[in-house]
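**Q** Sharing a structure, written as structure tokens. Questions coming.
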């Protein structure tokens, strides 16, 4: 296959895998620990990755089956070979020069030839061609004219996962027998990755109560309050953390038409400490809304926090109505998602925590760990006893709660 055709075919398969999931380059890149621009270059054919592992993780994340992953790997191998610079021509073996004479090898059955008086003995070169995973030309004693071995890439660049470089000579055979494995030339067999969970989710964690009320803790005086939609960027720039409460919205849906049953929602606190001695900055106070959404309430000050489902309330009509709490088990599909709103509160703890969602579908079950948008744990810190400030929009300055008329 021509060079450009091999690369384009690989890029087409990567684009097809990404299209199965529907998430953006940035969202998938965060899961794979690569930048969005890097992932885009793989899909456009501008770059062929050095290692197949990142593409294989993308395929697993997007729900590709074993046959599709195998075809993707074969295409990557062709594209990698096409992008690799040609191997340099081997240098000719130098002819014999002046020096001590070499002792000819003795024929079988004849008496050994005495070593010359100069003391230069001929040392046989190790048989590197018999070592699994090693090419002729690797290591001392190999000839310069050794060609590429079938099943291994030619040239100087080799796949990191395609060589066994820890053993030499007969030690490789002994190690293989001792460990009970068979070392084959070329790519080492890796265990099959478990299939991905049959559900996907997105997270928003910088929500404000009714779209306006929220408190952050910050070590230094922050900029003026942002619009709610810019809260994450503002808090990151100010080094601020959620004060007293974190509101998290998790949108969950299945990957296909088959139903995925959500069995339960749990809270896992991974770190506790005393709240930092920072001041509390209130975005706005006293705002209200006609609808209180149903939610899960979490008391992070308890030794073992539990997510408790609570009803919501809609007061927008002439007669208010209750919004029933989410009741597990609860089924979702690709066409019928569910939103889970979690309100986690603390007065005395600087808590880092995750959500864990239990699921079952088509004879399988499992638990997915849900963290912040960047994969880190959520963080909520108490504000008890901390100086509190509100923003004076007329004076364009932060002032104490008593000066602003805010209390509590």
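**Q** Quick one: is residue 371 closer than 30 Å to residue 271 by Cβ, touching a residue at least 12 places away in the same chain (Cβ under 8 Å), in the same structural domain as residue 267 (by TED's automatic domain parsing) and within 26 Å of the chain's Cα centre (by Cα)?
**A** yes
**Q** For segment 211-242, enumerate the residues that are part of a loop (DSSP other than H, G, I, E, B) and crowded, with 16+ Cβ neighbours inside 10 Å.
**A** 222, 225, 226, 240
**Q** Right, something else. Could you please find all residues in segment 191-210 being assigned to a loop (DSSP other than H, G, I, E, B) and surrounded by 15 or more Cβ atoms within 10 Å (Cβ to Cβ)?
**A** Hits for segment 191-210 are 196, 197, 198, 205, 206, 207, 208, 210.
**Q** Right, another one. Out of (1) surrounded by fewer than 17 Cβ atoms within 10 Å (Cβ to Cβ); (2) modelled with pLDDT of 95 or more, what's the single condition that is false for residue 321?
**A** Failed condition: (2).
**Q** What residue, among those in segment 38-50 that are free of Cβ contacts under 8 Å to residues at least 12 places away in the same chain and in a helix (DSSP H, G or I), is nearest to residue 5 (Cα to Cα)?
**A** 41
The values are calculated or read from the model by the stated rules, or taken from the named source; none is laboratory data. Nothing here was measured: the structure is a model prediction, and the numbers come from that model. Cβ sites come from the backbone with ideal geometry, for glycine too, and all protein chains shown count toward neighbours.
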